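Asks: The structure under discussion is supplied below as structure tokens; questions concerning it will follow.
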Amino acid sequence: MTDEIALYIHVPFCQSRCHYCSFVSFAGREADIPAYVNALEEELTQRAKGEHLSSIFLGGGTPSLLSVDQLAQILVRIRMLFRVEKAAEISMEANPGTVDEWYLDAVRQLGINRLSLGVQSLDDGILSCLGRSHTAQQARQAVQFARNSGFANLSLDLIYGIPGQSLTGWQNTIKEAVCLGPEHLSLYPLSLEEDVMLSRAIRRGELPAVDLDCTAEQYEVAEDYLASEGYRHYEISNWARDGAECRHNMAYWRCTPYLGVGVAAHSYIGGHRQSNTHDLDAYLRMFQFGELYRPETDEEITPEIQLWEAVVMGLRLNQGIEFADIRDRSGVDLVSRYGQEIDELLYLGLLEIDGQGLRLTRRGRLLGNEVFWRFLPQ
Ligand code: SF4
């Protein structure tokens, strides 16, 4: 049995709060970064068991607010505590407005070999509506800086389904993004919690509501365009050149073990799903005073939940799920257990089937939740 895991490090600091953000992130707390980096080191030290790491992902928040020395401090500790694969994928998220060529060059020298830029749009009006702290020109420059620094694996995040974003405006953004030549693209529909600034502006009538038909059309247009440009659609929201699929995220979709370190990080390890506190001060206190790590939540993954997760996460991948693999992992014959649900989804045109397994159709990718709830544990 292998002890291979993926490692996620959460960096919850941001320059300002974007108008749609409901992630665990804090603006105006940069003074806490040094203590936070020390706390990360302590959590890593307490939780590491010398596992084999195939991928490391520094996500946020805005990891690019960390100095090169702080990133080095984290990565040196990781290399001391784990067996990091020589060819491990080491990703870092960056906000385009926070990087220059010198910084990215130094980051690259640390062994970070994949950069995920939160571009979100290449239209300044849309960026301002989203409350992003960078401009389209800074995003274009960040791509150039990354290439000049030797990053050969570059991913761009884009958002669609934004109030007031026309189909043509979205098409212009994805066409320009493709011209920038990324190896990987993540496209997310805008998702708004009730209490974020954009939701309040919509409720006050200052912005139009999200147009779901336009959002669906934007997704389909992107699917067609990216296919014509040679990007492989490998997961509902992700496209890649051959071989540039995100190895770290594949661990989530394949339900293989991962360790999440930092505020609000989640882990799936040893048959348990654990989450860390969302409270930055509580997190810092836990490690400043030499306490033992304790998760905020700790749930044992029952075979029923394991089955549901394997099906739902596997269906997110365009290759879908294989009956034999599900049977091996959970001991359940999917067709016997969910025959009626599968028939219904085939009839609705949301799933397709062959002798080996199941996958979402194009329509199913648009309406994934319609599929997923049918496999909820009984
Ligand atoms: S950069 Fe990301 S995490 Fe930070 S405020 Fe914006 S959306 Fe939230």
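Read-outs throughout are calculated quantities, based only on the coordinates presented, and are distinct from any laboratory measurement. Small disclaimer: the values here were computed from a predicted structure and weren't measured. When we count neighbours, we look across all protein chains shown, and the Cβ atoms used for this are built from the backbone with ideal geometry, even at glycine.
Asks: Indicate the gyration tensor shape class of the stretch 186-275 (rounded, prolate or oblate), computed on the Cα atoms with a ≥ b ≥ c the square roots of the eigenvalues: a/c under 1.5 is rounded; otherwise a/b larger than b/c is prolate and the rest oblate.
Replies: In terms of gyration-tensor shape, oblate.
Asks: Which value in Å does the Kirkwood hydrodynamic radius of the chain take, with 1/r averaged over all unlike C-alpha pairs and then inverted? Don't jump to the answer; show the numbers that get you there.
Replies: Numbers: mean 1/r = 0.0455 Å⁻¹.
Final number for the Kirkwood radius of the chain is 22.0 Å.
Asks: Under a 5 Å amide H to amide H cut-off, with H placed in plane at 1.01 Å, what residues pair with LEU351 once short-range neighbours are removed?
Replies: Long-range HN contacts for LEU351: LEU346, THR361.
Asks: Using a Gaussian network model of the chain whose springs link C-alpha atoms within less than 10 Å, name the residue from SER336, SER64, SER121 with the highest mean-square fluctuation.
Replies: Result: SER336 has the largest fluctuation of those listed.
Asks: In whole Hz, with x marking every Gly and Pro, tabulate ³J(HN,Hα) for the stretch 86-91 from phi via Karplus 6.51 cos²θ - 1.76 cosθ + 1.60, θ = phi - 60°.
Replies: Result, ordered by residue: 4, 9, 4, 7, 10, 9 Hz.
Asks: Using a Gaussian network model of the chain with C-alpha springs under 10 Å, which one of GLY271, GLY118, GLY97 is most mobile by mean-square fluctuation?
Replies: Of the options given, GLY271 has the highest mean-square fluctuation.
Asks: Apply the Karplus curve 6.51 cos²θ - 1.76 cosθ + 1.60, θ = phi - 60°, to the phi angles in the stretch 138-149 and return the couplings in whole Hz, x for Gly and Pro.
Replies: Whole-Hz 3J(HN,Hα) from phi for the stretch 138-149: 5, 5, 4, 5, 4, 4, 4, 4, 4, 5, 4, 8.
Asks: Further question on the same structure: Show the residues, 5+ positions off or on another chain, whose built amide H is closer than 5 Å to the amide H of VAL84.
Replies: Those qualifying (amide H under 5 Å, at least 5 residues apart or on another chain) are LEU53.
Asks: What is the local net charge at LEU65, summed over the other residues whose Cβ is closer than 14 Å to its Cβ (Lys, Arg +1; Asp, Glu -1)?
Replies: Details: positive: ARG17, ARG29; negative: GLU30, ASP32, ASP69, GLU93, ASP100.
Counting the neighbours of LEU65, the net charge comes to -3.
Asks: Once a ≥ b ≥ c are taken as the square roots of the eigenvalues of the Cα gyration tensor of the stretch 228-316, is the result rounded (a/c under 1.5), prolate (a/b larger than b/c) or oblate (a/b not larger than b/c)? List each step's numbers first, then the result.
Replies: On the way: a/c = 3.40, a/b = 1.74, b/c = 1.95.
Here the stretch 228-316 falls in the oblate category.
Asks: Next question. Return the calculated 222 nm mean residue ellipticity for the chain, to the nearest 500 deg cm²/dmol, obtained by summing -39500 (n - 2.57) across DSSP H runs with n ≥ 4 and dividing by the residue count. Each step should come with its number before you reach the end.
Replies: On the way: 15 runs with 157 residues, N = 378.
Rounded to the nearest 500, it is -12500 deg cm²/dmol.
Asks: Once a ≥ b ≥ c are taken as the square roots of the eigenvalues of the Cα gyration tensor of the stretch 108-162, is the result rounded (a/c under 1.5), prolate (a/b larger than b/c) or oblate (a/b not larger than b/c)?
Replies: On the way: a/c = 2.93, a/b = 2.17, b/c = 1.35.
Because a/c hits 1.5 or more and a/b exceeds b/c, the stretch 108-162 counts as prolate.
Asks: So what's the convex hull volume per residue for the Cα atoms of the stretch 1-122, in Å³? Could you put the intermediate results ahead of the total?
Replies: Working: hull volume 15.0 nm³, N = 122.
Residue-normalised Cα hull volume stands at 123 Å³.
Asks: Measuring from centroid to centroid over Cα atoms, what is the spacing of the stretch 304-347 and the stretch 117-132 in Å?
Replies: 38 Å
Asks: Would you pull out the residues with amide H under 5 Å of GLY260's amide H, same chain only if 5 or more places away, H placed 1.01 Å from N?
Replies: TYR8, SER267, TYR268
Asks: Something else: Compute the Kirkwood hydrodynamic radius of the stretch 175-225, taking the inverse of the mean of 1/r over all pairs of distinct Cα atoms, and give it in Å to one decimal.
Replies: Numbers: mean 1/r = 0.0761 Å⁻¹.
With all distinct Cα pairs of the stretch 175-225 included, I get 13.1 Å.
Asks: Next question. Using Cα-only point scatterers and the Debye equation, what is log10 of I(q)/I(0) for the stretch 291-378 at each q in 0.11, 0.18 Å⁻¹, rounded to two decimals?
Replies: -0.33, -0.74
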